[in-house]
Every structure is written in structure tokens, then in C-alpha cells.
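Structure first, then comments.
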């Protein structure tokens, strides 16, 4: 083919591409209109059947995360509450406190309490703090109040003591 024939073919192809683009645009508009009409008819069917309406489609919220301003300093953390740390016992609320007294000989001096937390579950959970009185005797021994007989030896071994 000669160059003038090739130029004519290319111009013909460019015209065909333009025509196809216009036709494609018309078809896209017709498809969008058909989809809207289809959704309208589906909504009408749901209404006539007494079904709940279609839930509204909301944005995901991911855009909000990207629109946030960056932290001023690289090490600056977001304003979130600090995590709770420590043993699980700190989450328990004490329902009852029982102070047990020890029979210490004369001349003994008090050394505070040894605390044991026992969590019993009956019909309602009840957390009891047993405060066992402790005394230091003149001869150097430590006398501690006895636990009630209702507590088993195994329960006495599971203790959390604070000084």
C-alpha cells in the first residue's frame, strides 16, 4: 500500500474508533438506566411482599483513616486510654473482709496482716479478703491467725499476699 492509502486507512480506523466510543457511551448510559430501573422494581417487589427495605449502603469509613493528620512527632501515640496491667486479682472487687485475730503471747508486737483472697462461687460470686493478724513474739517467732476450718488446705495455698 502506498503512504496515501495507509493514511486513508488510518483515518478510517480513527473514525471507526470514534463511532465505537460514542456507541459505547450510549450503551453505558442505557445500562445504568436499566440497573436503576431494575433496583427500583426490586424495591417495589420487596415493599409489596412486606419485606424490610434494602439497607442503605454507607461508605466504609476507610477514607476517614487516610484523611487524618499525621502525628506531629514520630514517637507521638494516638490519644487512646492506657492499657490496664497487673495481676487479674486487681480486677476483683472485694465483697467482704474478714479479720482473723491470733492469740499472741504477752510482749508480742504486731507485724501487720497476711492477706489471702478467696473467690467462691455459689449462686452469686462473693470475694472475701481474709486478713490474718500476725505478731512477732519476743523470742523471734511469728504468730499468724488461723484460717477458718471451712477453707480447705488447697484453698489456703492459692493466696495472693501483699505486704
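Some values worked out for this structure:
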| quantity | calculated |
| --- | --- |
| Filter pass, residue 71 being surrounded by 10 or more Cβ atoms within 10 Å (Cβ to Cβ) and either more than 50 Å from the chain's Cα centre (by Cα) or at pLDDT below 90 (or both) | yes |
| All positions within the range 112-131 that are surrounded by fewer than 15 Cβ atoms within 10 Å (Cβ to Cβ) and modelled with pLDDT of 80 or more | 112, 119 |
| Verdict on residue 149 being out of contact with any helix residue (DSSP H, G or I) (no Cβ under 9 Å at 6 or more places or on another chain), more than 11 Å from residue 103 (Cα to Cα), modelled with pLDDT of 75 or more and assigned by TED's automatic domain parsing to the domain that holds residue 95 | yes |
| Residue check, residue 51 at pLDDT 70 or above and touching a strand residue (DSSP E or B) at 6+ places or on another chain (Cβ under 7 Å) | no |
| Complete set of residues in the range 74-107 that are more than 23 Å from the chain's Cα centre (by Cα), outside any strand (DSSP E or B) and at pLDDT 65 or above | 94, 95, 101, 102, 103, 104, 105, 106, 107 |
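The values are calculated or read from the model by the stated rules, or taken from the named source; none is laboratory data. Owing to the predicted nature of the structure, the values given are computational and were not obtained by experimental measurement. Cβ atoms come from the backbone with ideal geometry, glycine included; neighbour counts cover every protein chain shown.
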